[in-house]
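S.K.: Sharing a structure below in structure tokens format, with a few things to ask.
The values are calculated or read from the model by the stated rules, or taken from the named source; none is laboratory data. All values reported here derive from a predicted model rather than from experimental measurement. Cβ sites come from the backbone with ideal geometry, for glycine too, and all protein chains shown count toward neighbours.
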Amino acid sequence: MQFVLLRPWGIDTHKQCLGISPVGHGKFILNVCIVVPSLCNATLAWVGYKGTISMSVELHCHTVFSVDAYGTPEDLVDVAADRGVTTLSITEHDHLGSCQRAQSRATQCGIEYLPGIELGALLDGVELHLLGIGFDPDNSQIKSMVAESFSKNERYFDLYMPYLPEFGCHFTKEQMAVGLAERYPTHSAPVISQWFARDFLVDQGVYPDRAAFKAVIKQIEQQIINEQGPQVFKSTLTLEKILKTIQGAGGVVLLAHVAYYYPTDQTKQIELIRKGLDMGLDGFELYHPLNVAESHFDVLIGEAKQIGCVISGGSDCHNARIEGSSALNACNVPEETIANLKSVLAERQLARM
């Protein structure tokens, strides 16, 4: 992309040569412009760029280091840069593999990068998804906790495996493993999980689609629970441990996508947010496709303002190259949304010095 230097925006000639066209949601279009001779008090601008640019944050997305996602960290950062993201956090499910690589590419692209993670913990029988953002990814306790959480993926699949032949699957685990490298490119240690098996077995024609595989897994899970009890699928992590570890490593912990747990139920969503805060959460993810789609989204905005807690936002994108409601940067979260988040992170980093 080519850059030129322009004189200050206050001069009318610049507005004429740039042809700025607002398109809503904090976005604008820059049309082809000419070079202005003066370099005094210069400002950078794009030349010949005709597309949408937004100054926004993306703090919930995934790559191949999440068992159910696609694409490399570098590719995601490149797409984020193209879509105007200025602050980014890749929040892998139970894995830190993208942190260093994403940080390196983000630095090259001029994007501020915050280390991220998404972990699960039970609260009153509901498995909450919790976003950890801005922590030290080299912290030994963080590494240990995340490795412990990631191990459940293969452990659970090993429970399913003996039952699959009853449902038409005669592939061995070793035969499935042949497809790991293609499914998770650049991942040095991918594992066979139910999400990998889903894609592999559908591709092999064992099941007609993802829904059919999901139905099989639900039946198998119920059989296992009947035989071994529900504790076999109980998360090894607690909310208290996640809070202590991530906050102790300088990060914040936020409740992800509250609308996911109680769709359309405003009362229960607000109750869950408040209970989570009472238990030590720093805040919640306000901007998420599921939340934004709620008819009472303005109530969630009001709740965030009233409480004054940390808020964040992101698309929950699992493939940076696809479009749609969960496309990368789909929520166009304004930079100012995370002012409180950055303030809390700064305080915690100072406290650790």
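S.K.: Please tell me if Pro334 is farther than 29 Å from Thr245 by Cβ and not small (Gly, Ala, Ser).
M.R.: yes
S.K.: Report whether or not Gly84 is touching a Ser or Thr at 6+ places or on another chain (Cβ under 7 Å), crowded, with 24+ Cβ neighbours inside 10 Å and not basic (Lys, Arg).
M.R.: Details: touching a Ser or Thr at 6+ places or on another chain (Cβ under 7 Å): yes; crowded, with 24+ Cβ neighbours inside 10 Å: no; not basic (Lys, Arg): yes.
The answer is no for Gly84.
S.K.: Suppose the filter is without any contact (Cβ under 8 Å) to a residue 24 or more places away in the chain and either surrounded by fewer than 20 Cβ atoms within 10 Å (Cβ to Cβ) or of a type outside the set (Lys, Arg) (or both); does Asp94 pass it? Break it down into steps so the answer makes sense when it comes.
M.R.: Values: without any contact (Cβ under 8 Å) to a residue 24 or more places away in the chain: no; either surrounded by fewer than 20 Cβ atoms within 10 Å (Cβ to Cβ) or of a type outside the set (Lys, Arg) (or both): yes.
No, not satisfied.
S.K.: With respect to Phe171, is the statement that it is aromatic (Phe, Trp, Tyr), assigned by TED's automatic domain parsing to the domain that holds Lys244 and not in a helix (DSSP H, G or I) true? Quick ask: steps written out before the conclusion?
M.R.: Numbers: aromatic (Phe, Trp, Tyr): yes; assigned by TED's automatic domain parsing to the domain that holds Lys244: no; not in a helix (DSSP H, G or I): yes.
Taking the combined requirement at face value, the residue does not satisfy it.
S.K.: In the stretch 97-110, what residues are surrounded by 22 or more Cβ atoms within 10 Å (Cβ to Cβ) and assigned to a loop (DSSP other than H, G, I, E, B)?
M.R.: Correct list: Gly97, Ser98.
S.K.: Would you confirm whether any residue within the stretch 189-204 is surrounded by fewer than 16 Cβ atoms within 10 Å (Cβ to Cβ) and either farther than 18 Å from Asn153 by Cβ or in contact with a Leu (Cβ under 8 Å, 6 or more places away or on another chain) (or both)?
M.R.: Taking every residue of the stretch 189-204 in turn, at least one turns out to be surrounded by fewer than 16 Cβ atoms within 10 Å (Cβ to Cβ) and either farther than 18 Å from Asn153 by Cβ or in contact with a Leu (Cβ under 8 Å, 6 or more places away or on another chain) (or both).
S.K.: Of the numbered conditions (1) buried (at least 18 other Cβ atoms within 10 Å of the Cβ); (2) within 24 Å of Leu128 (Cα to Cα), Arg210 satisfies every one except a single condition; which is it?
M.R.: (1)
Residue-wise test of (1) over 21 Å from the mean Cα position of the chain (by Cα); (2) small (Gly, Ala, Ser); (3) closer than 18 Å to Leu281 by Cα.
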{"site": "Ala121", "(1), (2), (3)": "no, yes, yes"}
{"site": "His129", "(1), (2), (3)": "no, no, yes"}
{"site": "Gly134", "(1), (2), (3)": "no, yes, yes"}
{"site": "Pro137", "(1), (2), (3)": "no, no, no"}
{"site": "Gln141", "(1), (2), (3)": "yes, no, no"}
{"site": "Ala147", "(1), (2), (3)": "no, yes, no"}
{"site": "Glu154", "(1), (2), (3)": "yes, no, no"}
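S.K.: How many residues does the stretch 47-77 contain that are modelled with pLDDT of 95 or more and farther than 16 Å from Leu114 by Cα? Even if it seems obvious, please write down each step before you answer.
M.R.: First, the residues of the stretch 47-77 that are modelled with pLDDT of 95 or more: 57-77.
Right, trim to farther than 16 Å from Leu114 by Cα and you get 64-72, 75.
Of the residues in that region, 10 qualify.
S.K.: I'd like the full set of residues that are of a type in the set (A, V, I, L, M) and within 16 Å of the chain's Cα centre (by Cα), limited to the stretch 312-340.
M.R.: Ala320, Ile322, Ala327, Leu328, Ala330, Val333, Ile338
S.K.: Just checking, does the stretch 306-314 include any residue being touching a helix residue (DSSP H, G or I) at 6+ places or on another chain (Cβ under 8 Å), assigned to a helix (DSSP H, G or I) and in the same structural domain as Gln266 (by TED's automatic domain parsing)?
M.R.: The answer is yes; a qualifying residue exists.
S.K.: A further question follows. Please work out which residue is surrounded by the most Cβ atoms within 10 Å (Cβ to Cβ), limiting yourself to the stretch 122-178 and to residues that are over 21 Å from Ala256 (Cα atoms) and of a type in the set (Ser, Thr, Tyr).
M.R.: Tyr160
S.K.: Further question on the same structure: Looking only at residues that are among the β-branched types (Val, Ile, Thr) and over 15 Å from the mean Cα position of the chain (by Cα) in the stretch 93-119, which one is farthest from Leu277 (Cα to Cα)?
M.R.: Thr107
S.K.: Identify all residues within the stretch 313-349 that are within 15 Å of Ser56 (Cβ to Cβ), of a type in the set (S, T, N, Q) and out of contact with any Cys (no Cβ under 7 Å at 6 or more places or on another chain); write none if there are none.
M.R.: If the condition is that a residue be within 15 Å of Ser56 (Cβ to Cβ), of a type in the set (S, T, N, Q) and out of contact with any Cys (no Cβ under 7 Å at 6 or more places or on another chain), then Asn329, Asn332, Thr337 are the ones that fit.
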